[in-house]
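Accompanying notes for the structure given below.
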Amino acid sequence: MSDEARRRSPTGHGGLTFARSERSQGPTLVIDGEIDLAVKGELDAQLAALVAVAHGSTLVDLSGVTFMDSTGTHALLETAAAARAAGAPLVLVAVSAPCRRVLELSGVWDALREPASGSV
């Protein structure tokens, strides 16, 4: 990843890592680790910061997320609404199997669906 800025959060089950990368479609937040209530504050801050600088699309990569509870689902839904209001809709560029399962079971997968392969 070019121009990557890494921030680590030692909280939660095993911690959570945030990395920023730049794609032609805009800045991307890459999240690795476990998303639960213990990391809510940092997750919300990272997602809000991404929306603030997004242009065209608000890109989030969840391919490295190994666990996600309703905290992550709620954060993504709030981010989707904020991004839509800012004119830079949320796009999930990659989603791990555990994240996708939670999003499907909670009934929000269609609203947060990752783009078709090759579109981002």
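Read-outs: derived from the displayed coordinates by stated rules, not from any lab. Remember, predicted model here, so these are calculated numbers, not experimental data. Positions of Cβ are backbone-derived with ideal geometry, glycine not excepted, and every protein chain shown enters the neighbour counts.
For the stretch 33-120, calculate the relative contact order in percent as a whole number, restricting contacts to Cα pairs under 8 Å that are 6 or more residues apart.
33 percent
Would you mind calculating the gained length between His55 and Ala85 on full extension (0.36 nm times residue separation, minus the Cα-Cα distance), in nm to one decimal?
Gain on extension, His55 to Ala85, equals 9.6 nm.
Using Cβ contacts closer than 10 Å as the measure, can you line up Thr58, Thr28 from fewest to most?
Thr28, Thr58
Where the eigenvalues come from the Cα gyration tensor of the stretch 5-105, what are the semi-axes √(5λ) of the equivalent ellipsoid, largest first, in whole Å?
In descending order the semi-axes read 20, 15, 12 Å.
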